[in-house]
Amino acid sequence: MLKTNYLIAALVIFITEVWIAMYVHDDFVRPWGGDVLVVVLLYCFVRGISRLNVLSAALSVLLFSWFIEALQYLQIVRILGLEGNAVARTIIGTTFSWSDIVAYTLGIVLVVGVEIGRVKKHAL
């Protein structure tokens, strides 16, 4: 059931995300690229461990990312008393941003576009 190609992609993207977080301190790649890539990472992981099809996995990841952003709007880290927990602040996030919603959406559109392209390529 495990799909190795998706899991390898998830691992490569995870390493890229860590590299961006540690070494990129700009106004484009870190905020936009990181947010686009995080949904691609989650999508690859979900596809790697589940039997969900492209659209189900993509929609699930998109809704999950929007949900996490909504929790940031509600200041869930503060509500749970985790302000001092760097891991919680990093994973959940602390600041709501419409640009994050846009980046997550663009990331999923990219994923679906690539997947559709792959299907068309194999159909030829």
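For the pair Gln75 and Val114 in one chain, pulling the backbone fully straight at 0.36 nm per residue adds 10.6 nm over the alpha carbon distance. Placing +1 on each Lys and Arg Cβ and -1 on each Asp and Glu Cβ, with no other charges, gives region 4-123 a dipole about its Cα centre of roughly 500 debye. How large is Rg/Rh for the chain, to two decimals, with Cα atoms and a Kirkwood Rh? Rounded to two decimals, Rg/Rh equals 1.00. Out of Ala58, Ala70, Ala86, any idea which swings most in a Gaussian network model of the chain, alpha carbons joined below 10 Å? Checking each option, the largest mean-square fluctuation is seen for Ala86.
Values quoted throughout were computed directly from the atomic coordinates according to the rules given, and no laboratory measurement underlies them. These figures come from a predicted structure and were not determined experimentally. All Cβ positions, glycine included, derive from the backbone under ideal geometry; neighbour counts span all protein chains shown.
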